[in-house]
Structures are given as C-alpha cells and as structure tokens.
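Encoded as structure tokens, the structure appears first; notes follow it.
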Amino acid sequence: MNISTLQALHHSLHAWYAARGRHDLPWRHTRNPYKIYLSEIMLQQTQVTTVLTRFYDPFLARFPSLSSLSDAPLEAVLEQWQGLGYYTRARNLHACALTCKGFLPDSPEALYALPGIGKTTAHAILCFAYRQAFPILEANVKRILARLNALEAPSEKELWEHAWALLDRQNPFDYNQALMDLGALVCTAKNPSCATCPLSFTCKGIHTPTRFPAPKVKKTIPHHHRFALVLRQGDTLGLTQHTERFLHGLWGFPQSDTRPQGQHLGTVAHTYSHFKLTLEVFTCNASTEEITWFSKEALATLPLSSLERKILMLVAF
Ligand code: SF4
C-alpha cells in the first residue's frame with residue numbers, strides 16, 4: 001500500500017471511529033495499566049457485553065489494584081472469576097500479580113515474559129496504557145487484515161507484518177480501538193457491511209469478504225458421559241478440588257465412570273472448549289476419593305465452575 005493510500009485509510013478509519021466507535025467502554029477511559037490488562041484478559045474469550053455487565057466492575061471493586069490481587073489467595077481470585085470460564089486466565093492474572101509486585105512493566109520484552117501475556121495483550125497494554133505505537137492482533141483485527149489483503153489462510157507472521165505495515169504511529173490508541181470496533185460492528189464474520197465500511201475503497205476482499213480468511217473446518221469434540229456423586233455428612237456436602245489443568249483449583253462434586261447406587265437427582269451438561277460433558281447426578285453414601293466437607297455457608301465462598309453450580313441447584317441443601 002503506498003503512503004497516500006495509507007494516509008487515506010487512517011483518515012477514513014479515524015473519522016468513522018469518531019462517529020461510530022464504542023467510546024463508552026470503561027477501559028477506554030483509563031490509563032491504569034492494571035485495569036487495561038484486566039479488560040484484555042477478560043475479553044480474550046468473553047463477549048464485551050458480558051464482561052461489561054457482569055464481571056469487570058465487580059472484579060475491580062474486589063481487587064482494585066495489582067497489589068490487592070497479589071495480596072489475595074488464588075482461591076479468592078477464582079471465586080471472583082466464577083461464571084467467566086477459562087479459569088487459566090484467572091490463575092495467570094494472579095501469577096502475574098505475584099511476579100510484578102504492583103507494577104506492570106512498560107517494555108514489550110518484560111511483558112512477553114509474564115504468565116499468560118501474549119503479544120497482543122502486551123501490545124494492548126503498551127498502546128492503551130503507555131501510549132506506545134504497537135499494533136494488536138485480536139480476532140476482529142485478524143479478520144479485517146485478511147479481508148483487506150484477500151488472504152485465505154494467512155499465517156500469524158504474515159498477519160503481524162500487515163499489522164505493523166498498517167499501524168498509525170501518530171495515533172495508535174484510536175487506530176487500534178477503531179480497528180477492533182470496525183471488526184465488531186462492520187467487518188463482522190458472517191455479514192460484513194461493506195457498503196458502510198470506511199475501508200472499502202482499498203479492500204481487496206470486498207467482493208467475496210467471507211472467503212477471507214477461509215472458514216475453518218469445525219472439529220467435532222468428544223462427548224463424555226459420567227456420574228456426579230452428592231455425598232452428605234450431617235449438614236455438610238463432600239467436595240473435591242479439581243486437579244485437571246483447565247479447572248485446577250476449583251472445587252467440585254466427585255465424579256465416577258460407574259453408575260452409583262443411590263437416588264438419581266437429575267442430569268447436567270456443559271460444553272467446554274475441547275469436550276462436552278454430561279453428568280448424571282446421584283446421591284451416594286461412599287466414595288474413595290479425597291473429600292472435604294463443607295457447610296452451606298462455607299460452600300458459598302468456594303470457587304465453583306458453572307457445571308458444579310448446576311449440580312448444586314439439584315441438591316436440597
Ligand atoms: S470492505 Fe467489507 S470486507 Fe473489506 S474491510 Fe470493509 S467490511 Fe471488511
């Protein structure tokens with residue numbers, strides 16, 4: 001792209017952003033690196049509306065700074081993260097807070113070295129908090145770059161090259177925010193609105209936008225069927241702490257592959273990123289697993305996954 005086309009693209013994109021951008025998002029009104037970092041992590045696998053309406057403010061109310069996060073036990077962070085899923089994000093936030101000792105670094109190398117901070121998150125922190133000229137490459141931006149350049153299967157390296165080439169170094173903050181908004185509102189995955197797009201004058205993919213990038217073949221994920229055991233001892237319920245990587249640290253009802261003797265309370269199901277799980281829930285008298293007993297009050301403070309909460313709804317407790 002020659003320099004005059006690039007300048008026209010920046011001009012058109014900024015004008016669109018000024019008129020149509022999502023200027024009311026709270027993380028766009030702060031330069032606090034921690035608040036920006038938190039929004040980036042929450043938004044990695046969760047929709048903006050969900051983060052905005054249910055999770056961002058309550059998390060900041062409980063952990064207003066990186067130091068408050070490092071002072072808290074991991075369990076408290078996981079508990080606050082409940083409902084957002086992908087708990088590795090919460091564990092990495094906590095690990096990062098412990099490493100940083102209250103201050104997020106302002107160099108790319110130092111940020112890349114932190115747990116759970118990839119290139120895009122690091123660049124978002126550098127650009128939005130420290131006003132440095134770094135491009136970002138989240139899903140919306142990747143799609144725009146693929147379409148602008150008519151790329152069916154671009155590699156990450158290729159996309160980063162395009163991202164750097166297109167970056168507005170004079171106003172990287174608005175440029176990056178504008179591209180993300182354009183991808184969310186105009187250059188959408190299914191029905192891009194090319195007729196209203198400020199980049200249409202230079203887009204190579206405009207005639208067949210949904211070819212770029214080529215749709216991924218959907219993988220079928222395995223579906224597991226197991227049994228959840230509801231164990232009682234007086235006024236307490238017996239739970240175990242998960243050790244699997246993606247639920248590590250959360251508490252849950254013990255599970256078994258064999259049908260237990262006992263009363264059938266119902267069925268719950270959940271789809272994780274890499275498998276589906278259906279659990280038949282039974283009351284049970286004995287278990288060989290390591291159990292910790294919790295009263296109703298104690299249980300209310302435990303970090304539980306969405307699936308465990310569904311089981312809890314079936315239990316008269
Ligand atoms: S012209 Fe269409 S395909 Fe190209 S960037 Fe705009 S919305 Fe996306």
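The values are calculated or read from the model by the stated rules, or taken from the named source; none is laboratory data. Since the model is a prediction, treat every value here as computed from it, not as a measurement. Neighbour counts are summed over all protein chains in view; Cβ atoms, including those assigned to glycine, are modelled from backbone coordinates with ideal geometry. With ligands, DNA and RNA removed, areas are computed over all heavy atoms of the protein, side chains included. Shrake-Rupley method; radii C 1.70, N 1.55, O 1.52, S 1.80 Å.
Let me see the P(r) profile for region 223-314: every Cα-Cα distance counted, bins of 5 Å, each bin given as a percent of all pairs.
For region 223-314, the pair-distance distribution reads 3, 13, 26, 28, 20, 8, 2, 0.
Quantify, in whole percent, the carbon and sulfur part of the accessible surface of region 203-313 (1.4 Å probe; protein heavy atoms only).
54
Select from region 54-108 those chymotrypsin sites (Phe, Trp or Tyr not before Pro) which occupy a DSSP coil region and have at most 12 other Cβ atoms within 10 Å, ordered by residue number.
Within region 54-108, the qualifying chymotrypsin sites (Phe, Trp or Tyr not before Pro) (loop, at most 12 other Cβ atoms within 10 Å) are 103.
Write down, largest first, the equivalent ellipsoid semi-axes of the chain in whole Å, where each equals the square root of 5 times an eigenvalue of the alpha-carbon gyration tensor.
Equivalent-ellipsoid dimensions as semi-axes: 44, 24, 15 Å.
Sort 221, 136 from largest to smallest accessible area, using a 1.4 Å probe on the heavy atoms of the protein chains.
221, 136
Considering the zone a paramagnetic label at residue 232 would reach in this model (a point 7 Å from Cα along the Cα-to-Cβ line), which residues of region 260-280 have amide N under 18 Å from it?
260-267
For region 261-309, what does the alpha-carbon gyration tensor say about shape, rounded, prolate or oblate, given a ≥ b ≥ c as the root eigenvalues, a/c under 1.5 as rounded, and a/b over b/c as prolate?
Oblate shape, in that a/c is at least 1.5 and b/c is the bigger or equal ratio.
Extending each Cα 7 Å along its Cβ direction at residue 107 and residue 195, get the distance between those two points in nm, one decimal.
That separation, rounded to one decimal, is 5.2 nm.
From the protein chains alone at 1.4 Å, what is the descending order of accessible area for 202, 258, largest first?
258, 202
If we count trypsin sites (Lys or Arg not before Pro) as exposed when they sit in a DSSP loop and have at most 10 other beta carbons within 10 Å, what is the longest stretch of the chain that avoids them all?
Result, exposed sites excluded: 1-100.
Return the distance in nm (one decimal) between the two label points of a simple spin-label model at residue 28 and residue 57, each offset 7 Å from Cα along Cα→Cβ.
About 1.8 nm, to one decimal.
For a 26 Å ceiling on Cα separation, which of these pairs sit above it: 119/216; 218/276; 35/101; 35/119; 35/310?
Beyond 26 Å: 35/310.
Which distance in Å, rounded to a whole number, links the C-alpha centroids of region 134-172 and region 37-62?
25
Using bins 5 angstrom wide from zero, how does P(r) for region 108-200 break down, in % of all Cα pairs?
Bin by bin from 0 Å, the calculated values are 3, 14, 24, 24, 20, 11, 4, 1, 0.
Give the separation of the Cα centroids, region 184-207 to region 223-237, in Å.
Rounded to whole Å, the Cα centres lie 51 Å apart.
What distance in nm lies between label points placed 7 Å from Cα along the C-beta direction at residue 47 and residue 296?
In this crude spin-label approximation the distance works out to 3.4 nm.
In region 149-197, which GluC sites (Glu not before Pro) fall in coil by DSSP and have 11 or fewer other Cβ atoms within 10 Å?
Taking region 149-197 and a limit of 11 other Cβ atoms within 10 Å, the loop GluC sites (Glu not before Pro) found are 152.
Would you mind checking region 198-225 for residues with the amide N under 11 Å from a putative spin-label position 7 Å along Cα→C-beta of residue 152?
From region 198-225, the list is 211-212, 214-215.
Can you show me the helix-derived [θ] at 222 nm for the chain, built from DSSP H runs with n ≥ 4 at -39,500 (n - 2.57) apiece and divided by the number of residues, rounded to the nearest 500.
-11000 deg cm²/dmol
What shape does region 1-147 take by its C-alpha gyration tensor, where a ≥ b ≥ c are the square roots of the eigenvalues and a/c under 1.5 counts as rounded, a/b above b/c as prolate, and the rest as oblate?
Verdict is prolate for region 1-147.
Can you list, bin by bin at 10 Å, the percent of alpha carbon pairs in region 85-150, starting at 0?
Reading the bins upward from 0: 21, 42, 29, 7, 1.
In what sequence, largest accessible area first, do 48, 77, 217 appear using a 1.4 Å probe?
217, 48, 77
For region 237-317, which GluC sites (Glu not before Pro) are in a loop by DSSP, counting at most 16 other Cβ atoms within 10 Å?
Counting only loop positions with at most 16 other Cβ atoms within 10 Å, the GluC sites (Glu not before Pro) in region 237-317 are 244, 289, 290.
Run the dipole for the chain about the Cα centre, Lys and Arg Cβ at +1, Asp and Glu Cβ at -1, nothing else charged, and hand back the magnitude in debye, nearest 20.
Dipole size: approximately 820 debye.
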